[in-house]
1. Excluding ligands, DNA and RNA, what is the solvent-accessible area per residue of the chain at a probe of 1.4 Å, expressed in Å²?
2. Given Cα pairs under 8 Å that are at least 6 residues apart, what percent is the relative contact order of segment 1-159?
3. Determine how large the accessible area of residue 152 is when every protein chain is in place; take a 1.4 Å probe and give Å² rounded to the nearest 10.
4. What part of the accessible area of segment 22-227, given as a whole %, is carbon or sulfur when the probe is 1.4 angstrom?
5. Within segment 22-227, what percent of beta bridges assigned by DSSP are antiparallel, to the nearest 5?
6. Give me the distance in nm between label points sitting 7 Å out from Cα along the Cα-to-Cβ direction at residue 179 and residue 67, one decimal.
7. Two decimals is fine: what is log10 I(q)/I(0) at q = 0.13 Å⁻¹ for segment 92-247, from a Debye sum with one equal scatterer on every Cα and no solvent?
8. Could you grab the relative contact order for the chain? Cα pairs under 8 Å, six or more apart, rounded to a whole percent.
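The values are calculated or read from the model by the stated rules, or taken from the named source; none is laboratory data. What you are looking at is a predicted structure, and each value in this text was computed from that prediction instead of being measured. With ideal geometry, Cβ positions are generated from the backbone for all residues, glycine too; neighbour counts draw on all protein chains shown. What goes into the accessible areas is simple: the full protein's heavy atoms, side chains included, and nothing from ligands, DNA or RNA. Shrake-Rupley method; radii C 1.70, N 1.55, O 1.52, S 1.80 Å.
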Amino acid sequence: MAQYIIQGGKKAEGEVTISGSKNAALPIIAATILNAGKTTLYNVPNIHDTQMMFEILKKLGGNVTKKSNKIIIDTNKIDKYEIPEDLMRQMRSSVILAGALLGKHRKAVFSYPGGCDIGTRPIDLHLKAFEKLGINIDQNYGKIACSCDKIVGEKIDLDFPSVGATENAILASCLAEGKTIITNAAREPEIVDLQNFLNKMGAKIKGAGTNKIEVEGVKNLKDVSYNIMPDRIESGTFLCIAAATNGNILLKNVDTEHITPVINKLEETGCELKIQRREIEIVAPKKLKAVDIKTMPYPGFPTDMQSIFATTLTTAKGTSIIVENIFENRYKYTRRIN
Ligand code: UD1
């Protein structure tokens with residue numbers, strides 16, 4: 001979209017059903033490679049990143065069919081292992097395909113992922129995890145070629161609980177020989193969704209949602225259908241829209257447990273939240289109170305809600321201080337909003 005034209009001055013009011021989670025859908029789409037068969041996915045958000053993943057899968061030899069609210073992915077004929085550079089640069093999360101390609105086909109070639117507005121996106125933790133699993137990594141002129149004869153389960157201790165590196169380590173070790181133990185793993189709900197999906201396919205993974213994940217290698221996986229979890233960032237965004245406009249919104253298809261820190265902060269600003277397991281209603285006060293925020297790995301306040309919450313806080317009375325701890329200028333970046 002080239003531009004947004006916003007006519008302000010109105011309250012956001014009404015009801016909205018939250019879409020499937022982008023950050024859960026992307027690794028799950030990648031994980032379909034491990035089965036080399038047919039997977040049916042429901043609740044996949046229809047957004048640029050998921051379309052790009054489908055484009056990459058097709059370039060690798062896969063087939064993607066859309067039928068009303070379901071997507072059928074056939075990875076049986078995947079016979080290429082190089083992620084096209086132009087697509088890789090468009091979408092940094094395409095690095096997640098490397099773990100699945102390695103897990104199933106023992107080879108993957110890709111380039112450094114594209115950056116984003118927040119800054120550069122290193123993948124050293126992903127590569128370290130692959131090396132731990134005995135995968136050879138050859139870096140040449142920006143291309144990264146990974147290969148191995150077999151993958152044998154190992155202990156992987158991540159220097160930082162990176163979401164993508166945790167997911168790549170799981171994907172690469174699902175079909176390995178023996179057990180892989182990932183410690184200091186990221187605990188995000190999207191990793192639990194990936195575990196649930198893979199276990200439904202026949203994988204043996206436990207511990208997602210905690211900082212220790214154990215993957216017992218299996219020989220084969222099977223065709224399944226799966227419903228992607230609701231997007232917690234979209235849920236938080238609608239709550240913030242209501243808060244910033246003195247509005248009132250009912251959100252449906254929400255996992256309220258996943259957005260606890262956002263709910264807590266909105267309550268601190270003076271919003272009233274009526275919470276049920278799958279629904280939440282927000283009623284905003286006339287004027288928000290200022291609050292301070294520090295982003296942290298899950299279950300802390302999510303970095304992806306930081307800029308949205310900052311915008312909301314521009315309407316609050318008083319000074320709010322926001323500290324970004326996850327990305328690039330982490331440990332230095334503080335916003336003060338008066
Ligand atoms: C995922 C989410 C993204 C979210 C982020 C943090 C997806 C598709 N995206 O991104 O929306 O903002 O988690 O919650 O799920 N890092 C390294 N080396 C690495 C990997 C990461 O230094 O090899 C650093 C990053 O630069 C960043 C921090 O670790 O500072 C966290 O990154 P990570 O958790 O990996 O985020 P992503 O998986 O890329």
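1. Working: 15900 Å² over 338 residues.
Roughly 47 Å² per residue, with all protein chains present.
2. Working: 237 pairs, mean separation 27.2, N = 159.
Dividing the mean separation by the residue count of segment 1-159 yields 17 percent.
3. Counting only protein heavy atoms, the figure is 60 Å².
4. Values: 4010 of 8820 Å².
Roughly 45 percent of what the probe reaches on segment 22-227 is carbon or sulfur.
5. Working: 29 of 39 bridges.
Rounded to the nearest five, the antiparallel share is 75 percent.
6. Taking the two extended label points, one gets 4.1 nm.
7. Results for segment 92-247 at q = 0.13 Å⁻¹ read -0.62.
8. Details: 769 pairs, mean separation 53.9, N = 338.
In percent, rounded to a whole number, it is 16.
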